[in-house]
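Visitor: Starting off with a structure, shown below.
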Amino acid sequence: MEFINIAIKAIVTATAGGVFTATVVWIKNQRTKGRIQDRALKALSHDSFFRMCRYILAKGSMSEDELENLNYLHDTYKGLGMNGTGDELYRRCLELPIK
């Protein structure tokens, strides 16, 4: 009978250890995945915002719809903690006429 109790305790302990280890590995993977997704979101935001700025600056003017889109992209860009290079492009775009 004591052997069965010892065996049950060993099985429960091993199972709990395995579940704990699997949970820790899963959490670490989720954190890594989250960091990668954050970087991807920043990269896409940066690319969209800079493309829009370059397009508007090359055109020399913008429509009201483009201004609205540019404002939205800039707010998102800044909200993600991006740098001042985008602010300079944004400022230059806002100086252009709206047609």
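Visitor: If you wrap the chain's Cα atoms in a convex hull and average its projection over all directions, what's the area in nm²? Before the final figure, lay out the partial values.
Guide: Working: hull surface 33.2 nm².
The orientation-averaged projected area of the Cα hull of the chain comes to 8.3 nm².
Visitor: Please give the FRET efficiency for residue 67 paired with residue 37, using the beta carbon to beta carbon distance and R0 = 22 Å, rounded to the nearest 0.05. Before the final figure, lay out each step's value.
Guide: Values: r = 30 Å, r/R0 = 1.34.
Here the calculated transfer efficiency is 0.15.
Visitor: Taking R0 as 41 Å, what's the FRET efficiency between residue 2 and residue 26 from their Cβ-Cβ distance, rounded to 0.05? Mind showing how you got there, number by number?
Guide: Numbers: r = 36 Å, r/R0 = 0.88.
In this case the efficiency is close to 0.70.
Visitor: Could you work out the relative contact order of the chain, using alpha carbon pairs under 8 angstrom and six or more residues apart, expressed as a whole percent?
Guide: With pairs under 8 Å counted, the relative contact order is 31 percent.
Visitor: Give the lysines reachable from residue 99 as a straight Cα distance under 23 Å; neighbours fewer than 8 places away on the same chain don't count.
Guide: Excluding near neighbours in sequence, the set is 59.
Visitor: Rounded to whole Å and sorted largest first, list the principal axis extents of the Cα atoms in the range 52-99.
Guide: 31, 18, 14
Visitor: I've got another one for you. Considering only protein heavy atoms, what per residue accessible area in square angstrom results for the range 12-99 with a 1.4 angstrom probe? Please list the in-between numbers first.
Guide: Details: 6220 Å² over 88 residues.
That works out to 71 Å² per residue.
Visitor: For a quick check of understanding: with a 1.4 angstrom probe and all protein chains in place, what accessible area in square angstrom does residue 52 have, to the nearest ten?
Guide: Here the residue's solvent-accessible area equals roughly 30 Å².
Visitor: Okay, moving on. Going by accessible area, probe 1.4 Å, with all protein chains left in place, what is the ranking of 39, 91, largest first? Spell out each step's value before the answer.
Guide: On the way: 39 165, 91 105 Å².
The most accessible residue leads, giving 39, 91.
Visitor: Carbon and sulfur atoms: what percent of the 1.4 Å accessible area of the chain do they account for?
Guide: Values: 4540 of 7380 Å².
C and S atoms contribute 62 percent here.
The values are calculated or read from the model by the stated rules, or taken from the named source; none is laboratory data. All of these numbers come straight from a predicted model, not from anything done at the bench. Backbone-built Cβ (ideal geometry, glycine too); neighbour counts: all protein chains shown. Surface accessibility is based on the protein's heavy atoms, side chains included, excluding ligands, DNA and RNA. Shrake-Rupley method; radii C 1.70, N 1.55, O 1.52, S 1.80 Å.
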